[in-house]
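Peer 1: Mind having a look at this structure? Questions to follow.
The values are calculated or read from the model by the stated rules, or taken from the named source; none is laboratory data. Treat the numbers as computed from the prediction; the structure is a model and nothing was measured. No Cβ is skipped: glycine too gets one built from the backbone with ideal geometry, and neighbour counts run over all protein chains shown.
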Amino acid sequence: MLKQITSYLNFDQKLNSMLNLSRPIAFFDLETTGVNISTDRIIEIAIVKLMPDGSRVSKRKIVNPEMPISNADIHGITNEMVKDAPTFKMVANEIKQFIDNCDLGGYNSNRFDVPLLMEEFLRAGLDIDLTHKKLIDVQHIFYCMEPRTLTAAYKFYCGKELENAHSAEADINATISVLESQLQRYGNLGDCVESILSAVGEEKIVDYARRFSFNEKDEEIFNFGKYKGKVVADVLKSEPQYYDWMMKGEFPLHTKKKLTEIMNRTLLKN
């Protein structure tokens, strides 16, 4: 059964005024079949979009992952619950339109939710460009200021126990509440998305799975394996078969996409 909730809510405008939003932020959370970005799939996505006028727009969907769910004990979503739900490909364009022209936010979103969502979009044939989006990861702010889990963060900042943890909707609303308290507590975070990222650092991303990173010269380098720390372009020049090995391996689609871009750029220079 398809579950979807789209609502237009008039919330307290405190957080929005604290952020001085010039465009919406779409906070989102995923429940998935596991934690492998390459092979696992989304089974639930909840999005709460904070609008510059102080309103919030929310959307939630249950998704058929087209594979068995073995971790229902964590999120409570069973194979029976998703059997008649749409696949991600069926809802991908709707989700894309919902987050268009928005910055993105979440909890541990830069390392898990964003890369996994981008994988799902790529599987559905949609190439989403995040170049001009700001990515607010509330966990990153939290770990910079008070290293804890989401449940502890909610208790620490909001003075409440987080009920229904691992429910995407409950988690993302808790995440938004934590951010509001962080902005009140830490004056150095400023009053806009840019000032927050300036205070805690904005990570430069090559691929969402972090198989590559940048060195001090802004060159892409390997972040794993026998060539860890080596410049990707240099390795591809000296050992082009390594490209074939990675393209055939179980690496995320976005990692392969970036590897191909580096390979093409390297070939053009020769």
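Peer 1: For the stretch 218-268, name all the residues that are of a type in the set (D, E, K, R), closer than 27 Å to residue 128 by Cα and either touching a Gly at 6+ places or on another chain (Cβ under 7 Å) or in a helix (DSSP H, G or I) (or both).
Peer 2: 244, 248, 256, 257, 258, 261, 265
Peer 1: Applying the selection to the stretch 99-150, what residues are of a type in the set (Ser, Thr, Tyr), more than 17 Å from residue 42 (Cβ to Cβ) and under 14 Å from the mean Cα position of the chain (by Cα)?
Peer 2: The one that is of a type in the set (Ser, Thr, Tyr), more than 17 Å from residue 42 (Cβ to Cβ) and under 14 Å from the mean Cα position of the chain (by Cα): 131.
Peer 1: Just give me the residues in the stretch 50-63 being buried (at least 21 other Cβ atoms within 10 Å of the Cβ) and within 18 Å of residue 118 (Cα to Cα), in sequence order.
Peer 2: 61, 62, 63
Peer 1: Scan the stretch 40-54 residue by residue and report those that are over 22 Å from residue 130 (Cβ atoms) and modelled with pLDDT under 95.
Peer 2: Listed by number, the residues that qualify are 53, 54.
Peer 1: Mind checking which pairs have a first residue in the stretch 206-218 that is more than 19 Å from residue 108 (Cβ to Cβ) and a second that is in a loop (DSSP other than H, G, I, E, B) and of a type in the set (Phe, Trp, Tyr), Cβ under 9 Å, 6 or more apart or different chains?
Peer 2: So the pair list comes out as 212/224.
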